Amino acid sequence: MPASISSGYRGLVYKVAVPSPLRRVFDYLPPEPNQSIATGTRVQVQFGRRKVVAYVLDKASNSELELHKLKPIYAVLDSEAIFPTKLFSLLQWCAKYYHHPLGEVLSAASPGKLRSSIPLYPQEIVYRANSNIDQSELNSLSRAPRQRALLKFIKKNSSASRDEIELAGFSAAIVKSLEEKKFVERAERNLNSLELFSPLNSVNPSSLELNSQQQQAFDAIKLNGDKFNCFLIDGVTGSGKTEIYMQVMQQHLSEGRQCLVLVPEIGLTPQTVNRFSKRFDCPIAVLHSNLTDNERLDAWRRARAGSVAIIIGTRSAIFTPLPNLGLIIVDEEHDGSFKQQDGFKYSARDVAVMRGREENVPIILGSATPSLESLQNAESKKFSYLTLSERAGGAIKSKTTIVDTSNEILDSGFSEKLLFKIDQHLTVGNQVLVFINRRGFAPILSCTNCGWIAECEDCVSQMSVHAKPPSLRCHHCGIAKQLPILCPTCHEEGLTTIGAGTQRLENFLEQRFSTFPVIRIDRDSTRSKNKLTSMLNQIQIGKPCILLGTQILTKGHHFPAITLVAIVDADAGLFSPDFRGQEFMAQTVVQVSGRAGRAKKSGEVVIQTRHSTHKALIQLTQKNYKELAMYLLEERKAASMPPFAQLVLLKAEGNTLNESINLLQRMNKVSIKLIRESNSNIRTVGPVPAPMEKKAGRYRAQLLFKAENKNTMQQFLTQFVYQIDQIKLSRNLRWSLDVDPREMI
């Protein structure tokens with residue numbers, strides 16, 4: 001039993017959120033008696049043997065702890081809260097909804113540098129244009145275009161730091177030259193005194209005339225004004241969604257409001273910045289993980305001060321403080337990259353919608369393949385649905401051909417028909433994109449003779465193959481079966497797993513088409529900084545080549561010279577153990593198909609499959625993504641799966657599989673008791689081994705919870721997490737909770 005308040009300390013204490021796995025706040029004394037500290041301020045505290053940066057949540061007039069057990073705050077790091085009130089409130093909501101420790105949530109939302117004790121706003125050296133420069137001196141730069149461009153950049157921004165100058169693409173040598181010629185001079189700038197950006201007065205006249213569908217979408221968003229509403233733009237690839245974004249942004253920028261644009265991949269950031277900077281003459285900041293810690297902090301500070309108009313970033317940019325936020329845009333809203341998979345497991349798209357509601361600003365979700373969750377929100381009128389069914393600029397929809405490979409002998413995964421088409425397109429000087437879907441790692445058991453797929457009789461999913469012990473498992477209901485030797489349908493020896501790899505295909509294509517370069521773009525080939533940008537620049541030149549890659553190629557890239565898209569094996573996504581497998585497959589096929597025929601040249605898409613009569617594939621290729629999505633929604637509703645139910649995945653990992661399973665069994669006993677006591681309709685599945693049982697030397701298991709009502713699930717989780725927090729763990733055991741898991745495998 002906790003000590004009563006009467007036996008504790010009476011006096012001023014501060015409630016502090018410490019970045020730790022403990023889901024509680026801690027009481028600390030002020031550094032000086034009765035010292036006032038603002039809520040949301042960073043402080044440095046002694047936590048165990050370490051000094052850590054923590055966050056003040058509130059103050060109180062007493063503590064349950066005795067005075068001798070209370071430690072004073074070591075240092076107050078800021079004179080103000082680092083997050084505005086509404087954003088601070090949103091972060092507290094995130095901690096409650098995702099049931100993650102608040103201290104870790106606040107730390108994850110802070111730039112890495114601010115997780116140490118550095119000042120929020122230090123002095124920094126900046127460069128300013130010399131006000132005494134006359135026109136004749138400016139004319140002397142006519143033969144130094146880069147120096148002239150840098151001078152213009154510094155003038156436009158009033159001042160610029162070395163990091164800002166480097167981020168804009170100018171070298172230190174150019175700065176030095178301008179300084180030696182007395183065109184710029186050094187000064188000190190207090191980052192807390194940055195000026196607000198000026199409302200946009202004009203835009204580059206390169207804006208395109210909207211077609212009728214674009215105009216209707218733009219008018220609907222404009223009519224909403226600056227209050228909260230969530231607009232879902234369902235627009236086919238090349239339909240001009242970005243043009244709508246920019247024209248809506250223009251309205252807000254002209255009234256001095258900031259625009260936050262989320263993109264799923266770092267690789268899309270330079271292209272997005274380039275388009276926006278050509279259109280808008282205003283300060284733009286980028287936020288993503290490829291920046292240095294100093295670059296990220298600098299962009300975050302300028303955004304927080306209101307001195308940048310447009311903020312473009314990946315997932316974590318949703319937590320950027322913006323004093324004059326007017327619009328949030330989530331491009332490619334369906335993309336799985338918006339879900340954080342480690343640590344604080346949040347969905348940036350869902351948090352963006354909540355932030356729009358909290359700050360009462362409009363939000364636009366855009367995609368050619370909206371997630372089923374977003375489509376269902378549109379169907380239920382929670383979102384305003386806007387559709388763009390035609391490509392902008394008169395571009396023609398690509399022709400799609402399905403190649404049935406069930407009775408063909410493939411050469412390294414390629415049919416002769418596909419190889420002929422690749423050769424045909426390359427010979428006439430075009431580019432070819434070869435796509436392989438490597439989503440997921442659990443192989444699917446299939447019969448090459450009759451097409452049989454190992455499926456669970458009780459679930460809308462396929463079973464996956466496990467090596468240790470050899471078995472077929474369903475990761476939704478937990479049922480396990482022995483691996484068959486013969487096909488249960490045709491009784492022949494033709495069983496195999498579905499899957500392939502990009503490096504193997506790269507070697508084959510280099511040998512088969514030796515006169516054309518093969519550019520492989522995947523996670524492995526783009527690890528080094530600027531490697532992806534270098535590859536994309538090579539492609540944009542337009543010379544004939546073969547692009548070979550995975551998901552990274554599906555995310556909004558514009559390749560004018562690509563006329564053929566080849567999807568080597570659609571079955572890897574068509575038959576997935578994940579209940580979202582067909583949705584992911586459809587999104588991937590549509591997105592990658594959209595890379596063909598985006599300019600004046602007509603495009604062609606070839607899809608290889610051993611299951612050409614599969615209903616989902618036929619609907620997708622003969623009708624459209626929306627038709628298939630509606631069909632999948634009906635399946636989900638019948639099976640009571642998201643978006644018609646909420647899932648939560650409890651994961652455990654340890655040195656052995658038995659340890660992980662045993663921990664989840666102990667936790668499951670707690671859940672069963674709570675479910676019975678509350679008489680709720682929450683279902684549990686498991687514990688079962690995770691599909692990838694061993695990762696980084698650790699054995700993993702999982703326990704699934706399902707409820708048809710989110711409130712029911714949240715009430716259950718609040719009690720459940722509190723109780724399992726009391727379970728003492730050995731050092732080698734860890735567990736985590738994933739609310740609304742994106743992937744089940």
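We did not get these values from a lab; they are worked out from the coordinates using the rules stated. Being a predicted model, the structure only gives us computed values, none of them experimental. Counting neighbours? That spans all protein chains shown, and the Cβs are built from the backbone with ideal geometry, glycine included.
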Residues of type aspartates and glutamates that residue 15 reaches as a straight line, Cα spacing below 13 Å, ignoring anything fewer than 8 places off in the same chain: 27, 58, 64
In this structure, among 96/615; 615/695; 421/543; 417/694, pairs with alpha-carbon gaps over 29 Å are 96/615; 615/695; 417/694
Among all the aspartates and glutamates, which ones have a C-alpha under 14 Å from residue 156's C-alpha, if same-chain residues fewer than 8 places away are not counted? 164, 195, 281
Which whole-number percent is the relative contact order of the stretch 260-349 (Cα, under 8 Å, 6+ apart)? 38 percent
Are there any GluC sites (Glu not before Pro) in the stretch 224-288 that are in a DSSP loop and have at most 14 other Cβ atoms within 10 Å? List them by number. 255
Packing-based order for 648-658, 287-297, using average beta carbon neighbours within 10 Å, highest first: 648-658, 287-297
Karplus 3J(HN,Hα) series, Hz, for the stretch 329-344 with 6.51 cos²θ - 1.76 cosθ + 1.60 (x for Gly, Pro): 10, 10, 7, 6, 4, 6, 5, x, 5, 6, 9, 6, 9, 10, x, 6
Under 19 Å between alpha carbons, and skipping anything fewer than 8 positions from residue 381 in its own chain: which lysines qualify? 222, 227, 626, 637, 710
